[in-house]
1. How large is the convex hull of the Cα atoms of region 180-247 per residue, expressed in Å³ as a whole number?
2. So if I restrict to the alpha-carbon atoms in region 149-306, what is the Rg, and what is Dmax, the biggest pairwise distance, in Å?
3. Net charge within 14 Å of GLU102 by Cβ-Cβ distance, Lys/Arg positive one each and Asp/Glu negative one each, not counting GLU102 itself?
4. Top to bottom by accessible area (1.4 Å), largest first, where do TYR266, TYR78 land?
5. Please list log₁₀ I(q)/I(0) at q = 0.09, 0.11, 0.13, 0.19 Å⁻¹ for region 51-177, using the Debye equation with identical point scatterers on the alpha-carbon positions.
6. Which one of ALA208, THR277, THR261 has its Cα pushed farthest toward the positive end of the charge dipole of region 205-306, where Lys and Arg give +1 and Asp and Glu give -1 at the Cβ?
7. Using all Cα-Cα distances in region 241-300, what percent lands in each 5 angstrom bin from 0 up to the longest?
8. Tell me the per residue accessible area of region 140-221 using a 1.4 Å probe; a whole number in Å² is fine.
Amino acid sequence: MTDQLIDIATHDADAEPAAPTGSPTAHAPRSDPATTAPSTWRVAVRNVRSTVVTFVATGVLLLVLWVVFLRVVNVGSYVGKGPGDVWGYLFGDERSAERRSEIWDNTYVTMKQAFVGYVVGTAVAIGVAMMFVLSRAIEQALMPIALALRSVPIVAMIPFLAYVFGRDTRGSIVIVSIIVWFPTLVFMTFGLRSLTPQQHDLLRVLDASKWQYFVKARFPSALPSFFAAAKVTAPLAILGALINGWLSTGDGLGDFMLRSTTSSNYNGLWSAVVVVTVLSIVLVALVNTAEAFVVGRFGDGGTRRT
């Protein structure tokens with residue numbers, strides 16, 4: 001019953017005030033929701049198009065910077081490989097299929113560890129952020145620990161974490177989760193607290209429970225912060241999995257890049273760098289696309305002004 005009252009009251013609070021009797025708009029027909037709904041989809045599609053254009057423009061810019069960098073820094077052709085060298089390595093001869101398969105296998109390992117670590121770190125961050133919102137005492141107790149954990153470079157922590165959790169997938173997931181956890185915690189704590197005074201007053205008058213506070217207002221208002229965090233932490237998750245593969249587990253693209261360097265396989269090294277860069281850009285583009293749909297549909301909790 002309280003849920004229904006909250007929904008009705010929220011709808012009434014967002015409705016425009018009625019026009020005075022006798023005014024030109026007093027008898028104007030009300031807009032049909034079925035006719036206004038496509039506008040939201042048009043905005044989302046426009047955002048998706050903008051994301052695609054940005055993705056293509058970023059790719060072209062990176063290619064130009066790549067070529068310019070090699071020429072300005074004057075990296076020798078033995079070490080410095082350009083776009084043509086990478087293309088030839090991956091698609092130029094009869095061994096290219098084998099090379100692509102090797103890179104794909106290592107990419108799959110890295111992405112699996114990055115994805116699981118990202119999900120775990122994000123879930124824990126959201127849970128801790130909810131506790132921070134519910135209790136200032138918990139925040140005052142745990143935030144110094146979070147800051148201390150964040151202040152230690154992750155590269156310095158990897159040997160210790162690998163010793164504690166093992167040099168396998170579990171240890172890599174823990175490391176990626178730690179990398180993802182703190183930025184998401186900061187963004188989500190801010191987002192969950194970004195309610196307007198009108199929303200607080202409305203929910204208090206309706207005697208909403210703490211859970212209803214989260215479901216009806218806090219989570220929708222935190223969606224922009226959630227996606228802002230994802231744009232930062234998704235590439236960081238890949239970076240964490242790479243570093244851990246290089247220093248600890250000995251698998252994935254991190255280990256492949258290390259082996260390519262020690263064996264002077266610089267074509268393979270640059271190819272792996274290209275794969276990581278493309279994956280990071282694609283992840284950010286996917287987050288932008290999801291944000292366009294999700295925030296446009298559900299994320300009005302923190303932007304309403306009554």
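1. Value for region 180-247: 75 Å³ per residue.
2. Cα radius of gyration and Dmax of region 149-306 are 20.4, 69 Å respectively.
3. Working: positive: ARG95, ARG99, ARG100, ARG259; negative: GLU98, ASP105, ASP251, ASP255.
Taking every Cβ under 14 Å from that of GLU102, the sum is 0.
4. Ranked from most to least accessible, the order is TYR78, TYR266.
5. -0.51, -0.72, -0.91, -1.13
6. Final value for the positive-end residue is ALA208.
7. All Cα pairs considered, the percentages come to 4, 18, 16, 17, 11, 9, 8, 7, 5, 2, 1.
8. Normalised by residue count, the accessible surface of region 140-221 is 54 Å².
The values are calculated or read from the model by the stated rules, or taken from the named source; none is laboratory data. Nothing here was measured: the structure is a model prediction, and the numbers come from that model. Note that each Cβ is placed from the backbone with ideal geometry, even for glycine, and that neighbours are counted across all protein chains shown. Keep in mind that these areas ignore ligands, DNA and RNA; they rest on the heavy atoms of the full protein, side chains included. Shrake-Rupley method; radii C 1.70, N 1.55, O 1.52, S 1.80 Å.
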